[in-house]
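The values are calculated or read from the model by the stated rules, or taken from the named source; none is laboratory data. Only a predicted model underlies this, so the values are computations on that prediction, with no experimental measurement involved. A quick note on method: Cβ atoms are made from the backbone with ideal geometry, for glycine too, and the neighbour counts reach across all protein chains shown.
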Amino acid sequence: MPHVTDRHLAEGPRVGIRPITYEDGAEFTARARESEDLHRPWLFPPLSSDAYLAYAGRLIEDRTKAGFLVCEKDDGAVAGFININNIVEGAFRCGALGYGAFAHAAGRGLMREGLDLVVGHAFGPMRLHRLEINVQPLNTASIALARGCGFRLEGYSPDMLHIDGAWRDHERWALTTEMRATAR
């Protein structure tokens with residue numbers, strides 16, 4: 001089932017990151033279906049082929065988005081996904097991150113390694129200056145990932161995003177190139 005690619009954009013000890021493709025649909029949706037209990041009520045990745053094609057199309061074709069898969073280096077299996085949404089260039093050079101681990105990879109540190117690689121790619125070749133993560137306050141795993149990768153809590157926004165039929169409160173986490181350089 002894993003879609004093995006010849007080349008990652010960046011690699012760490014256990015994972016590499018690569019752009020999402022239309023060809024990843026079968027593995028992505030199978031992993032998403034296996035991970036529904038892990039993802040709910042925080043996120044709702046596509047579960048069907050048609051939903052995946054629409055999702056991937058937005059990430060591939062829209063210049064204000066970029067989608068990455070975190071892949072295990074040993075077998076190419078997709079461990080999770082990280083998207084940069086709402087990319088703004090010019091003086092702002094910012095993007096908003098969204099991510100999810102798949103159940104077989106949860107708790108193994110693969111997403112932390114993958115998020116660090118995506119941040120490096122965003123601050124390097126993509127030339128972004130700031131990345132933001134908006135997290136529902138009870139999503140402790142997502143908050144731990146943001147904190148573990150050096151993001152700082154910047155605020156709290158009531159009724160910020162419409163998720164699962166309701167407006168949800170979110171904590172706002174951010175990281176800039178300067179913050180990352182200081183932490184290293």
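Observations, loosely collected:
This table checks each residue for (1) within 22 Å of Phe28 (Cα to Cα); (2) of a type outside the set (A, V, I, L, M, F, W, C).
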site: His104; (1), (2): yes, yes
site: Met111; (1), (2): yes, no
site: Val118; (1), (2): yes, no
site: Ala122; (1), (2): no, no
site: Leu128; (1), (2): no, no
site: Pro137; (1), (2): no, yes
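- The lone exception for Asp75 - which of (1) under 30 Å from Pro125 (Cα atoms); (2) at pLDDT 95 or above it fails: (2)
- Residue list for the stretch 86-116, filter: over 24 Å from Asp37 (Cα atoms) and either among the β-branched types (Val, Ile, Thr) or more than 16 Å from the chain's Cα centre (by Cα) (or both): Ile87, Val88, Glu89, Gly90, Ala91, Phe92, Arg93
- Flag for Phe123 being among the aromatic types (Phe, Trp, Tyr) and either closer than 26 Å to His162 by Cβ or surrounded by fewer than 18 Cβ atoms within 10 Å (Cβ to Cβ) (or both): no
- Neighbours by Cβ (under 7 Å, 6+ apart or cross-chain): first from the stretch 42-53, hydroxyl-bearing (Ser, Thr, Tyr); second crowded, with 16+ Cβ neighbours inside 10 Å: Ser48/Thr29; Ser49/Gly25; Ser49/Thr29; Tyr52/Gly25; Tyr52/Phe28; Tyr52/Thr29; Tyr52/Pro46
- When every residue of the stretch 82-92 is checked against the conditions, none turns out to be touching a Pro at 6+ places or on another chain (Cβ under 9 Å) and of a type in the set (Val, Ile, Thr).
- Candidate set from the stretch 87-104 (those that are closer than 13 Å to Trp42 by Cβ and in contact with a Ser or Thr (Cβ under 8 Å, 6 or more places away or on another chain)); member that is surrounded by the fewest Cβ atoms within 10 Å (Cβ to Cβ): Tyr99
- Of the candidates Phe81, Phe68, the single residue that is in contact (Cβ under 8 Å) with a residue 60 or more places away in the chain, within 13 Å of the chain's Cα centre (by Cα), crowded, with 20+ Cβ neighbours inside 10 Å and under 17 Å from Tyr22 (Cβ atoms) is Phe81.
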